[in-house]
1. What residues qualify as long-range amide H neighbours of Val171, i.e. H under 5 Å apart, gap of 5 or more or another chain, H built at 1.01 Å from N?
2. Could you give the Stokes-Einstein D for the range 405-452 in µm² per second, using the C-alpha Kirkwood radius, 37 °C, 0.692 mPa s?
3. In cubic angstrom, how much convex hull volume per residue do the alpha carbon atoms of the range 369-414 span?
4. Top to bottom by accessible area (1.4 Å), largest first, where do Glu151, Glu440 land?
5. Please list, short to long, the whole-number percent of alpha-carbon pairs of the range 5-135 in consecutive 5 angstrom bins beginning at zero.
6. Tell me, what is the FRET efficiency for Glu81 and Glu127 to the nearest 0.05, using R0 = 30 angstrom and their Cβ-Cβ distance as r?
7. From the C-alpha gyration tensor of the range 79-136, pull out the three semi-axes of the equivalent ellipsoid (sqrt of 5λ each), sorted largest to smallest, in whole Å.
8. Quote to one decimal, in nm, the extra length available between Arg402 and Thr117 on full extension: 0.36 nm per residue of separation minus the C-alpha distance between them.
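The values are calculated or read from the model by the stated rules, or taken from the named source; none is laboratory data. Quantities reported herein were computed from a predicted structural model and do not represent experimental measurements. Positions of Cβ are generated from backbone atoms using ideal geometry, with glycine treated the same way; all protein chains shown enter the neighbour counts. The area values use the complete protein model at the heavy-atom level, side chains included, leaving out ligands, DNA and RNA. Shrake-Rupley method; radii C 1.70, N 1.55, O 1.52, S 1.80 Å.
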Amino acid sequence: MPEPELGASPRALRAAGLTRDPFAELGLWPDGAGYLDEARRHILDQLRAPDAYGAPTVLLLGLQGMGKTALLSGALQTLPEGWRALALSAASARTESQLLAQLAGSLGLDLDLERPTPVLWRELEDELAARLDIGERLLLAVDDADRLEGEALGALLEHLAPLLAPTVCLVLAGPPAFEERFDGALREYELDLSVELMTLEAFSEPSTAAYVSQRWHAAAAGGKARRAPSSAELARIHLLSGGTPGVINEVARTLLLAQRQPWRPLLALMGVAALLAFTLTLWIPDPKSEPPPITQPPAIAEPEPEPEPEPEPEPEPEPEPEPEPDPEPEPEPEPEPEPEPEPEPEPEPEPEPEPEPEPEPEPEPEPLAFPPLESRDTARYVLQLHVLSTGERAQGWIDRQRTPDAFGWRQRNRGDVVVLYGDFASSAEARAAAAQLKAEGLGDGWVRRVRSVLPELTPP
């Protein structure tokens, strides 16, 4: 059997019946068909269809290791016909000049980077406009966008904003905190961009088990491994990794493919044999024998102590003469008594103020109904829950909820119906509400800005 490829111990891989380390390949392994949970599958399908984006700018948000790079890579490889992908990594293009160099390289332009940056941006804009004139559509994806310096991010948004349309889309991937930086850049450069949010969360425990098992069997020799991860091992992998895909790989390799030493069983047997021999020596009794008589050493006479001489009595001290008494002082004359002050007249009691009437309790506000999207600030957030075929089905689902007034449904341009929930000032509030709805079994909420939802809806 040939030596297995990559990372883990070859001995451990052979013992498990694997041809390679199943946790060494990052991304959607094998061959772009790796396991995705329902939420990631939905986001991947969205990224693969730029024509259906709710807005020309998309923020793909998630903590490190959640799979942003894998989803971007998978989406850019399967874009519809007529679309061209421009993939950049801000990890190696933090400054404005580095960003310009990467953009020029992706477009095949030979720019003189010694010239002023406004001139270079103008040449890039002309090149993009020329490509649009011949019918080419572009998707620019920037991974690790949070590493862009402030000037680089602002310049990118400022120069691409006039071109962003259904034929030019921009995807920026970063951690959840990047959203605040993005909004700050929009305010600083006075830009009004329509934005769609896509957020990645950690795997659930069943998803972690499915992710590990899929990779394990994909690496098996002949499609069948000699052993499969146990349910206890899968539960421990989820507990230690927190459901983060990037951490799952490291934890699973440590727990499932740790190198086993072949001499450890022999050492264990030798230890058991030594313990048995020691126990036998303790169990066999020694022959009884009378102890030798104990001889006491002769007593040694101690010499009597000599009496100590009595101390001589000390002479008594002579009494000191008593001091003469001081003469008694003459008595001072008694002071004349001061006249007693006349009592002040008591103030008349003020009349007690009349008690003010208690205010009537304000009536408790009735719960607000789901406000129409057209009447809201377009920068606020809403949760998209379900896509159904008819309004009757959507209203029936809403009527079965505990607080139906918090939900609403709208028909979309494509003919189906979408169920919406809530009205939130920040994405953090929206994500907290989405977690609560998921805990109540109402489905996965998709955090979106109002301005990214409105273009998809038919007028009311």
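1. Val58, Leu140, Ala141, Val142
2. On the way: Rh = 11.7 Å.
In µm²/s, the coefficient rounds to 280.
3. Numbers: hull volume 4.2 nm³, N = 46.
Cα convex hull per residue, to the nearest whole number: 91 Å³.
4. Working: Glu151 130, Glu440 85 Å².
My answer, sorted largest first, is Glu151, Glu440.
5. Once binned at 5 Å, the Cα pair distances of the range 5-135 give 2, 8, 13, 15, 16, 14, 12, 8, 5, 3, 2, 1, 0.
6. Working: r = 22 Å, r/R0 = 0.72.
That pair, Glu81 with Glu127, gives E of 0.90.
7. One finds semi-axes of 21, 16, 8 Å for the range 79-136.
8. On the way: separation 285, 0.36 × 285 = 102.60 nm, distance 5.72 nm.
Full extension of this stretch gives 96.9 nm more.
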